[in-house]
Every structure is written in structure tokens, then in C-alpha cells.
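Reading through the C-alpha cells given below for one structure.
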Amino acid sequence: MWTEEQWAAIEPKDVSSVVVAAPGSGKTTVMTEHMAQVIATGRTPAQRILAMTFTRQAAEHMRQKLRRHERLRPVAVESCVMGTFHAVFFRALLEADWEVRPVLSQRDQYALMREAVVDVLGERRAVTMYELQSYLTMYSWTVGRQAWDELGDKEKRIFETFVRKKQASNYWDHDDILLASLQLLRSKTVPKIRLCEMSYILVDEFQDTNELQWELLTSLVQRNGAFAFVVGDDDQSIYAFRGASPVYLQRAVEVLPKARQKLLTMNFRSDRRILHHAAQLIQHVKSRVDKPLRGVHDAEGICRAYEVQHRTAQWDVLARVVRRSVLRPYSVAILARTRNQLATAWTAMRSLLGAEWSLAARNVEFRTFHDSKGKEWDVVALLDMAVPYRAMTDSDDERRLLYVAMTRARHELYAFVPRVIQGTQCHIHPYLLEAGLRACPVSPKDIMEAFEIG
């Protein structure tokens, strides 16, 4: 059932483990099975095991899988502590009788930031939702990275005003939960709480960790004398705008107690051509854990870039891909860098497919590159994979993001390269070239032949 490298990560040992896992290698499944083996063998009492995730759904999925495990008793599963970083530490603050505050709703958070922006800029002017979202994202990045010294004067004054307004309203946001938790762990006398009894700490999707979460984990490990098990893929670290960085996964083996690094390199998802080109792309990232990307499937699969005259021609080809895939039937994902691109694609597909739209809509998903992470489809289409001729493009964050999008595909991956986008002459995205893909011109005749439904 398990490969040798999977079992090497699963088998319980009296060390910390840093599992660096390729896309489609079953990293969360491996972590869950490792946790089950630790409980079943009695190496660590279940009530002293803590597992943290980045979403409530992931935490609940892990608990459900453990509940169904044949070697575990229900009472043992329920004795473990599982949840998101925020949920785990919020409970700890409550248990420690810390002065906690209600958490702002998203609407109230936007309202307070609007007031802070207007107060600092000294203008009674309309502040757009885009501006507010940008400031809130930058604020979260600053807190997550603990990077206040990197702010400009204007941003620093806005954020200081925002913090004062939160305090005056007697509310917190989610960042405040983690900041207060770090204060708790670093205090000289910590009340006797369950969190400080945890002797084995597991974290999933560790590449999404920011500086604040890293400090929380290492402080807890050190205070408790605990071992840790972290799993992730530095090549899939795509939330830099939130403060996340792959560096914490990369340095974990040097910092966690008695840490050993394990690699999961076997991809159980994608066909060979897709993996071949994805592997070529990720090699261009400057700092990463070197690991092969090996597939288990013999099928060649399809991985192509199509050059079209303009975006309208892109929709024509895409419509034929969708028709052909739905009849097979294959699941399809239409991925783009931004939501605006997806909205345009959705409108175009609905118009082109006409009466076929209701059937296609059941099998087709429209998602941003970021939102595709953790998911997979039989067919993936990448939209608008072109840049203006004079554009300078060199970002490892963007390389990792494209790598994530490419590795969502099981059998077929298509990248569309319009020569003209919104009146601007463009050429193939440089990262497709780094992946070893060359754009093939597509004529209307080619479209009919390439996607003929037989």
C-alpha cells in the first residue's frame, strides 16, 4: 500500500521529521497515517498530540480519516488536539484566562481600515475596495513577517492608526490571536494549560508558514521539549503576499530537535509529459530543496501551448476542449491569474457553448492559480499565458505559482498564448519557455482537427 519513501516518513521514530513532498505525492495522507501509527503504537499518548492545519476543512478531513482508521479507538482520536493555528491558540488563550477580545468580521475590518486611511491621508475622499484590500493584505503581511521596519512612513502611520482603532473598539483581528499567543508562550510564567502539555506537534502544508507562525511553533517545541513532524513542499509556497515563505520549511531540519529530512518524490496524479515540463520549470527557482519529480503513470498525456491571434480565438479553442472533455467525461479546470480574467472567460464560454452550457457547467470549474492549490482535474487550461514584449519577468513566487497550476492536471494541460491582449502585442510567457514549451500557431482548421470529437 505504501511506497518505501512514504513508509520511511510514516514509521514513528524518536526524532523530529521534516517531510518535503512533491505535488500529488500524498503528503497529507502520509502525515495522517504517521499520526495514526504514533497513536496506535503508544509512542506518545493521544492527549499529548497536537496537529495544526491552515484550514478548518483540512483539520476536519484529518479527524474523519483518523476516526475511520482500523487501528484506532474513537476515544484516542477525540483525545488529540486538531485545528487551525488560530483555533488552537485562541483556545489556549481562553484556557490561560488571557484577556481575549471578539474577532472583527470582514466587514468591520474593512470599515476600520477605511477610517484609518482617511484619518492619515487627511482627505474625505472615496477609498476604493481595492485600496482597502491592498492595505489589509499589506498589514497581514507585515504582521506575519514581523517586518514593521520595512514599511514606508505612510503605511506605518495607517497601520498604527488601524491598530489604535481596533484597541479602541475592543476588537481583535486574526493576526492579534497569534501575536497574543506568542506573548503568552514567551512570558516567564505560563499558566498550566493543555497546549503546554503537547509533546508531539504536527503541521500540514508547512510551506505556507510565516515568521509569526514559525516563532509560535519553535517557541512551543522548545518550551515543551517536544518533537515535531512538519510536511510541505517549498516549490508550492505561493502565499508570499500573506507573509508565507518557503524558507521555514527549508531551514526546519536545522532548527527542530533531532530533525531528519524525508523526501516524497512519487507523483500519483499527472501523466509523464505534464510532469516533465513542470519539472523543467521549477528547476529555475533559485533557492529550493532539490528533489526529483517522478511519476507512476505510463501514459504520456498531453502538455501543449497554443498560440492564437487574440483572446477571442483563445475562447474558440477552449470551447472545443471543453466540449471534447465533457463527452468523455473528464473534469476540467479553467485557470487564470486573476478573477477578472476568469469572469471574461466564463462569459465567453457561456456564449459559445449555448445550449451545451448547462451540461458543461457541471464538469468545468473556473479558478485562479492560487485557488487551484490542493485540487486536481483531468484537463487543465491556462489562460492568457502571454506578456507584453517589453515586460520584465523574473519572480520565483510567480514560477512556483505556475508550477502549482501546471501540476493540477492529470492527463491534459493546455496553455493559451494570445498574440494580442487588450490591444497590446504580446509573446509567450517566459516561464512556459523555461518549462520547455513552445507555442504552436493554431488556425481555425487546426482547431477543428486537433479537437475533433469522434
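A few points about this structure:
- Counted residues, the stretch 180-217 - those being closer than 22 Å to Arg101 by Cβ, assigned to a helix (DSSP H, G or I) and of a type in the set (A, V, I, L, M, F, W, C): 7
- Residue pairs whose Cβ atoms lie under 6 Å apart, separated by 6 or more positions or on different chains, with the first residue in the stretch 403-430 and over 17 Å from Ala313 (Cβ atoms) and among the hydrophobic types (A, V, I, L, M, F, W, C) and the second in a strand (DSSP E or B) and open to solvent by 10 Å² or more (accessible area, probe 1.4 Å), are Leu413/Cys303.
- Selection within the stretch 98-129: residues that are among the charged types (D, E, K, R), modelled with pLDDT under 95 and in a loop (DSSP other than H, G, I, E, B). The member of this set that is most open to solvent (accessible area, probe 1.4 Å) is Arg124.
- With a requirement of 1 or more residues that are of a type outside the set (A, V, I, L, M, F, W, C) and touching an Asp or Glu at 6+ places or on another chain (Cβ under 8 Å), the strands (runs of 3 or more DSSP E) lying completely within the stretch 340-394 that satisfy it span 377-382.
- Test: residue in the stretch 65-72 that is open to solvent by less than 10 Å² (accessible area, probe 1.4 Å), assigned to a loop (DSSP other than H, G, I, E, B) and either under 21 Å from Arg194 (Cα atoms) or without any contact (Cβ under 8 Å) to a residue 40 or more places away in the chain (or both): no
- In the set (1) assigned to a strand (DSSP E or B); (2) in contact with a His (Cβ under 6 Å, 6 or more places away or on another chain), the condition left unmet by Ile177 is number (1).
- Count of residues meeting criterion [in contact with a strand residue (DSSP E or B) (Cβ under 7 Å, 6 or more places away or on another chain) and either aliphatic (A, V, I, L, M) or closer than 30 Å to Ser134 by Cβ (or both)] in the stretch 242-272: 8
- Condition check for Gln109: closer than 17 Å to Arg242 by Cβ and touching a residue at least 24 places away in the same chain (Cβ under 8 Å): yes
The values are calculated or read from the model by the stated rules, or taken from the named source; none is laboratory data. From a predicted model like this one, the values you see are computed outputs, not experimental measurements. Neighbour counts run over all protein chains shown; Cβ positions are idealised from the backbone, glycine included. We work out accessible area using only protein heavy atoms, side chains counted, and drop any ligands, DNA or RNA first. Shrake-Rupley method; radii C 1.70, N 1.55, O 1.52, S 1.80 Å.
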